[in-house]
Amino acid sequence: MAVPKRRMSRARTHKRRANHDKLTPINLSVCPTCGSPVRSHHVCRECGTYRGRQIMEPTTVEDELTA
């Protein structure tokens, strides 16, 4: 059976494991209606549209403060 000859250092172990814990950046696209940045497959918060259809009323700053 293959057995490691020496103990692997903590730094080497953490270096190897660091790639598994990386966060992926959020994919942003441009809303075709208003041109604001929107997460993929989400309703636009500025104009309230998704795939060319009006889904909800647009949110304003006052609405978010009262909610």
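Each reported figure results from applying straightforward, stated rules to the coordinates on display, with no laboratory input. Bear in mind that the values here come from a model prediction, so they are computed numbers and not experimental data. Cβ: placed from backbone, ideal geometry, glycine included. Neighbour counts: every protein chain shown.
Based on other C-beta atoms within 10 Å, arrange Cys44, Cys31 from fewest to most.
Taking fewest neighbouring Cβ atoms as first place, the list is Cys31, Cys44.
Dipole size in debye (nearest 20) for the chain around its Cα centre, Lys and Arg Cβ +1, Asp and Glu Cβ -1?
Result for the chain is approximately 1420 debye, rounded to the nearest 20.
Among Val43, Val3, rank each residue by its count of other Cβ atoms within 10 Å, from fewest to most, as a rough exposure measure.
Listing Val43, Val3 from fewest to most nearby Cβ atoms yields Val3, Val43.
Name the residue farthest towards the positive end of the dipole of the chain from the options Pro32, Gly48, Val3, assuming +1 on Cβ of Lys and Arg, -1 on Cβ of Asp and Glu, about the Cα centre.
Value: Val3.
Which of Ile26, Ile55 comes first, and how do the rest follow, when ranked by fewest Cβ neighbours within 10 Å?
Ile26, Ile55
Ignoring trypsin sites (Lys or Arg not before Pro) that are buried or in helix or strand per DSSP, and keeping those with at most 12 other beta carbon atoms within 10 Å, what is the longest stretch of the chain between them?
Answer from the scan: 23-50.
I need the Kirkwood Rh of the chain: take the reciprocal of the average 1/r across all distinct C-alpha pairs and report it in angstrom.
In the chain this quantity evaluates to 16.2 Å.
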